[in-house]
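Working notes, structure below.
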Amino acid sequence: MGSENFAKSAIAAVVMGILLILSNVPRLEAQNSNQQGENESSLVERGFAIAPVPLNLAGRDRGLVGLGSYLVNAIGDCNGCHSSGTAASLNIFPYKPGGNPYFGQPEALDPSVYLNGGAFFGWVGTPTGPFGYQGPAIITRNLTPNYAGVPENGNSLAAFTQILRHGTDFDHIHPSCSAAQLAIINDPIAHGYTTPGQLEAAVNYCIPGGKIPGTPFDNEPDGSLLQIMPWVTFSHMTDHDIEAIYEYLSAIPCIDNSTSMPPDGAPNELRNDCGPAKHVESQSQRDAGRSPRSLRR
């Protein structure tokens, strides 16, 4: 009987322990949820504190805008690539005169070039043929909202998410070279092209790939994907983070560079139209692709 009583007592103790753990789970989940909310709240306020430009919060989710600012300005350094820089810095740094921290000066970003695009990242592709054709120049896109308050000159949240998740190049202005285009590049004179400029236009600024003779270099880029944008890293962000970045980019001032010189092949990266009010899209158009959770906020 003694052993039976011990066994019953042990079972009862185990059951009581399980019940105690289960009773604490909702409380632990609530505590974790509260901590997460408090942590994000601090990031939101930090985002507003470091935003370098005035923000338009009308019709926008304040929490998402603040979090997006934190991700864009403190984590992602989006302006480091998506800015033309200032003339005073030879279009290298996006800071005001006297505000370059790399020169030991207190940081002061120039809002006139904030996320306006236009940074030149060189050419992408393997130098090919007698002209050493390297492919198109890569120039960063203007990320500021257009006249309708939509980032990237009108990309929806769905498209923006696709870009960050999969690197999709919706502009299709840097395609991989076809076999026919490579034939022209490898023997341009036989095809009637006597200057590099004529050749570039003839092959539509495609990206040449392949091996460089005498080297181990072997490069086969996929022109349907962004080649410089670090989307592979950003693809690991949560949907919530991506939506926050998108919301922030819709709240910053529009920078109109619709008359800028276009990059090689097409003008899409630089163009942005802050244009007339008659073009303003409806709120429903602006919200195309947004999640139901965002629309409820």
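Every read-out reported here was derived from the displayed coordinates using simple, explicitly stated rules and does not represent laboratory data. This structure is a prediction, so every number in the text was calculated from the model and none was measured. Cβ placement follows ideal geometry from the backbone for every residue including glycine, while neighbour counts extend to all protein chains displayed.
Residues whose amide H lies under 5 Å from that of S176, counting only those 5 or more places away or on a different chain, are I207, G223, S224; hydrogens are built 1.01 Å from N in the peptide plane. Taken along its three principal axes, the alpha carbon spread of the stretch 191-254 comes to 51, 33, 15 Å, from the longest extent down to the shortest. Residues whose amide H lies under 5 Å from that of N272, counting only those 5 or more places away or on a different chain, are N257, S258; hydrogens are built 1.01 Å from N in the peptide plane.
Close amide-amide hydrogen proximity is noted between Y95 and T86, D110, each under 5 Å apart and 5 or more residues distant or on a separate chain (H modeled in the peptide plane; Pro and chain starts excluded).
A Förster radius of 45 Å, combined with the Cβ-Cβ distance separating D218 from E40, puts the computed FRET efficiency at roughly 0.50. For the stretch 156-226, the set of chymotrypsin sites (Phe, Trp or Tyr not before Pro) satisfying both a DSSP loop assignment and a count of at most 14 other C-beta atoms within 10 Å is given as F170, F217.
Note on Q105/H191: beta-carbon distance plugged into 1/(1 + (r/R0)^6) with R0 of 51 Å gives a FRET efficiency of 0.45. Beyond 14 Å, the tail of the calculated P(r) for the stretch 101-145 holds 67 percent of the Cα pairs.
P(r) tail for the stretch 141-204: Cα pairs beyond 18 Å make up 54% of the total.
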